[in-house]
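The structure under discussion appears below in the form of structure tokens.
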Amino acid sequence: MQEYKNNNEVAIIMLHEIYGINKFMEEICEEYHAAGFDVYCPSLLKKECFLYANSSEAYKYFVDEIGFDIYKEIDLQIKQLKTSYKKVFVLGFSVGATIAWRCSESSLADGIICCYGSRIRDYLMFQPNCQTLVLFAEYDSFNVAEIMAQIKYKKNVEVFKLKARHGFLDKYSRGYDEQQAQVARGLIKGYLQKYGKETKVYFVEIISYKECLLGKTKKGKFYIVKIFLNYLKIIYANAAKALTKNTCVS
């Protein structure tokens, strides 16, 4: 389990793909932590991550050793986190998205986000009992339109099809699509703002700190400033709250 905590009011459980907690997952966890969430990323594999080149081996290991019933463990984690946080969301990718979909059947989470979960099609009988956002890749290995037609009228479900391949959010994947990744990030951001509106979450659009500091992007300084301002807002809010509590009226 990798944890990124800073006493925030909202937590997100990140569910990885068949590869495990790789560089993509570490960066996505850092991104959402910088945006004002406490992030928990359980290692479903409980071993070293697989390389992208070993996708067949990774999928076989997942099916043989883990399976989608592991959602029950995630449900338990949601229940535990709900004792410490105002809201708990689950964000899953690929097999992690299908696991997240299974978790949506309970009303434990405040929201579920599923990114290119191709095996969701095996669990269409379930009715989500919490707000659920589903993002499919149009050019996936199955008839996406047919599956969307079966779930788009389900209660609590918002579903979108992006013109991209499986893995469009992962910049280390062959399926990565920068434009559609930005569309997806916008949908996820809007969803979290909509259903997490009672909490104070500051969203910032960032890339990795390392890329900023190495000057690999012209926007590097701008991103660093946004991250810095984000933390200043949090510090200021906490200071104002403490000042209010300690001020006496004579």
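Tell me whether the range 74-83 contains one or more residues that are under 23 Å from residue 137 (Cα atoms) and at pLDDT 95 or above. Looking for residues that are under 23 Å from residue 137 (Cα atoms) and at pLDDT 95 or above, one finds none in the range 74-83, hence no. Listed by first and then second residue, the pairs with beta-carbon distance under 6 Å, at least 6 apart or on different chains, first residue in the range 39-62 and in the same structural domain as residue 6 (by TED's automatic domain parsing), second in a helix (DSSP H, G or I) and not aliphatic (A, V, I, L, M), are 39/29; 39/32; 39/33; 41/29.
All conditions in (1) over 18 Å from the mean Cα position of the chain (by Cα); (2) at pLDDT below 90 hold for residue 146, with the sole exception of (2). Could you say whether any residue in the range 105-118 is out of contact with any Pro (no Cβ under 8 Å at 6 or more places or on another chain), of a type in the set (D, E, K, R) and within 24 Å of residue 164 (Cα to Cα)? The answer is no; no qualifying residue exists. For the range 42-78, residues that are in a loop (DSSP other than H, G, I, E, B) and at negative phi total 9. Selection of the range 7-19 for residues being without any contact (Cβ under 8 Å) to a residue 40 or more places away in the chain and surrounded by fewer than 20 Cβ atoms within 10 Å (Cβ to Cβ) yields only 7. Looking across the range 20-38, the residues that are over 21 Å from residue 166 (Cβ atoms) and touching a residue at least 60 places away in the same chain (Cβ under 8 Å) come down to 30, 34, 35, 36, 37. If you go through the range 131-151 and keep only what is outside any helix (DSSP H, G or I) and within 19 Å of residue 91 (Cα to Cα), you end up with 131, 132, 133, 134, 135, 136, 137.
The values are calculated or read from the model by the stated rules, or taken from the named source; none is laboratory data. No experiment lies behind these values; they were computed from the predicted model shown. Cβ: placed from backbone, ideal geometry, glycine included. Neighbour counts: every protein chain shown.
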